[in-house]
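Here's the structure we're looking at; comments come further down.
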Amino acid sequence: MSRVFFTDRDLGKKFPQILREAGLTVERHADHFAHDCPDEEWLQVVGERAWVAITHDSRIRYKPNELEAVVRHRVALLVVVGRASYPALAAAFVSALPRIESFLESHDAPFIAKVYRPTPADMRRNAPGRVELWYP
C-alpha cells in the first residue's frame, strides 16, 4: 500500500522536501489549505483521505477540539518530537521509516504517536529513533 503523508504547516518546506527526496508521497498543508486554517478542518480532510498526518505540535493531544477531530475523523497522526532543525527532524524521520511503517501496519486509526529522534547511544549504534503510541 502506498501511503500519503501530510505535513502540517508547522513543519515548513524543508521537512516535506526531504521526505519526498527519500521517495515518500507527501502533501503539504500549504498546497491544500490557507495558512490560518483551523486544525480541525485539515484533520477532517486528512482523515477522509486516509493520509498519515505529521506535525511538530506536541500540544495537539491536549486541545480538546483537535483531539476530538483526530478521533472523529479517524486520523493517523505522527508527532515529530524534539528540538532540532527541520532538516535534522526530517532526516531522523526518514531513518526511522522501517519502524514507522511497522507501527502504521500494526495500529488502526485513530491514534496519535510520537516519533522520537535517535538518542546519542542510538546514533553510536546507527539505530533509528523510536515510535510510541501516545493516544489512545
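The residue that is farthest from Pro38 (Cα to Cα), counting only those in the stretch 60-84 that are assigned to a loop (DSSP other than H, G, I, E, B) and touching a helix residue (DSSP H, G or I) at 6+ places or on another chain (Cβ under 8 Å), is Ala84.
The C-beta contact set for the stretch 90-116 (first residue over 9 Å from Ala76 (Cβ atoms), second residue among the acidic types (Asp, Glu) and at pLDDT 95 or above, distance under 8 angstrom, 6+ apart or interchain) comprises Lys114/Glu132; Tyr116/Glu132. Does Asp108 satisfy the criteria of being more than 12 Å from the chain's Cα centre (by Cα) and not aromatic (Phe, Trp, Tyr)? In short, yes. Tallying residues that are closer than 20 Å to Ala22 by Cβ and of a type in the set (D, E, K, R) within the stretch 63-113 yields 3.
Do we have Phe33 as under 14 Å from the mean Cα position of the chain (by Cα) and either aromatic (Phe, Trp, Tyr) or part of a helix (DSSP H, G or I) (or both) here? In short, no. Considering the stretch 92-120, the residues that are loosely packed, with under 13 Cβ neighbours inside 10 Å and assigned to a loop (DSSP other than H, G, I, E, B) include one that is modelled with the lowest pLDDT, namely Thr119. Going residue by residue through the stretch 36-43, is there one that turns out to be touching a strand residue (DSSP E or B) at 6+ places or on another chain (Cβ under 8 Å), modelled with pLDDT of 95 or more, exposed (fewer than 14 other Cβ atoms within 10 Å of the Cβ) and farther than 20 Å from Trp134 by Cβ? No, the stretch 36-43 contains no residue that is touching a strand residue (DSSP E or B) at 6+ places or on another chain (Cβ under 8 Å), modelled with pLDDT of 95 or more, exposed (fewer than 14 other Cβ atoms within 10 Å of the Cβ) and farther than 20 Å from Trp134 by Cβ.
A residue that is over 19 Å from Arg83 (Cα atoms), modelled with pLDDT under 95 and not aliphatic (A, V, I, L, M) can be found somewhere in the stretch 55-62.
Given the residues Arg83, Arg20, Arg74, which is the only one that is surrounded by fewer than 22 Cβ atoms within 10 Å (Cβ to Cβ) and under 21 Å from Ala109 (Cα atoms)?
Arg74
Residues that are outside any loop (DSSP other than H, G, I, E, B), modelled with pLDDT under 85 and surrounded by 14 or more Cβ atoms within 10 Å (Cβ to Cβ) within the stretch 121-136 comprise Asp122, Met123, listed in sequence order.
If the requirement is being without any contact (Cβ under 8 Å) to a residue 60 or more places away in the chain, under 17 Å from Pro136 (Cβ atoms) and in contact with a Gly (Cβ under 6 Å, 6 or more places away or on another chain), which of these qualifies: Val71, Val75, Val79? Just one listed residue meets the conditions, Val75. Of the residues Val70, Val80, only one is within 23 Å of Thr119 (Cβ to Cβ) and hydrophobic (A, V, I, L, M, F, W, C); which? Every option except Val80 fails the conditions.
The values are calculated or read from the model by the stated rules, or taken from the named source; none is laboratory data. These figures come from a predicted structure and were not determined experimentally. No Cβ is skipped: glycine too gets one built from the backbone with ideal geometry, and neighbour counts run over all protein chains shown.
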